[in-house]
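J.: Just dropping this structure here.
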Amino acid sequence: EALSHIWHKPIALFAIASIAIGHVVMVSVMVMTPVHMAHVDVSLKIIGLVISVHVIGMYAFSPIVGSFSDRIGRVKTIQIGLIVLIAACFVAGSAAADDVPRLGLGLFLLGLGWSFTLIAGSALLSSSVDPTLKTSSQGASDLVMNLAGAGGGAMAGVIISSLTYGWLCLFAAVPVLLLAIWSAAFRSFETP
């Protein structure tokens, strides 16, 4: 019922797509970064540091992102997150496997962009569905997000085995760009 309700409300569909696409991009790039780095024998200690910086990007600024979303609106916050995700794909995707500072910056941006799309997308979804379906809509959102992440992680392995990490980052940026184009349809929609 919740998924059907979301499907028929364009703003709710945009919200859940923002959550899912942000998550699929984050998972796809994040899970293959250690593989990319280990390919040239970067130490586990350094790989762990890069992933730690990524986790900081995901969670450390959550209260600020939430406040930002309340102030400027959910759609604008999602759009900022999409820009950050595209930047993350470019920075990480153009880094050599042993370019730790560049990969660290790319993964930090990846986590931060994910935080923007997840927090603002969840708030937008909650505010755009019927009150009786808020809880089940969040559950549906979690389901869609995690299925997208699982699919993205699996596809990332296939891409990395056939092409390169740079190609993976390029492919990851495509749905973000498409979502950014779609977001223009909601630029006048504000739910601060």
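J.: Give me the tail of P(r) for the stretch 86-141 as a percent: Cα-Cα pairs with distance above 20 Å.
T.: 45
J.: Taking θ = phi - 60°, what integer Hz values does the Karplus form 6.51 cos²θ - 1.76 cosθ + 1.60 yield along the stretch 33-43, in sequence order, with x for Gly and Pro?
T.: Using θ = phi - 60°, the values come out as 4, x, 5, 4, 6, 5, 4, 10, 6, 5, 5 Hz.
J.: If I model a spin label at residue 167 and residue 1 as a point 7 Å from the Cα along the Cα→Cβ vector, what separation in nanometres do I get?
T.: About 4.7 nm separates the two model spin labels.
J.: Here's a follow-up. At a Förster distance of 45 Å, what's the computed FRET efficiency of residue 39 paired with residue 130, Cβ-Cβ distance as r, to 0.05?
T.: Result of the calculation: an efficiency of 0.35.
J.: For the stretch 120-192, what is one quarter of the convex hull surface built on the Cα atoms, given in nm²?
T.: 5.9
J.: Sort the following peptides by mean Cβ neighbour count (other Cβ atoms within 10 Å, averaged over residues), highest first: 14-26, 111-123, 42-54, 169-181.
T.: The packing order, highest mean first, is 14-26, 111-123, 169-181, 42-54.
J.: For the chain, with every protein chain kept in place, what is the accessible area per residue (1.4 Å probe, Å²)?
T.: The answer is 46 Å² per residue.
J.: Give me the percent of accessible area attributable to carbon and sulfur for the stretch 46-192, probe 1.4 angstrom.
T.: 73
The values are calculated or read from the model by the stated rules, or taken from the named source; none is laboratory data. Please read these numbers as outputs of a predicted model, since none were measured by experiment. Cβ coordinates were reconstructed from backbone atoms using ideal geometry, including for glycine residues, and neighbour counts include every protein chain displayed. Please note that ligands, DNA and RNA were not included when accessible areas were found on the heavy atoms of the full protein model with its side chains. Shrake-Rupley method; radii C 1.70, N 1.55, O 1.52, S 1.80 Å.
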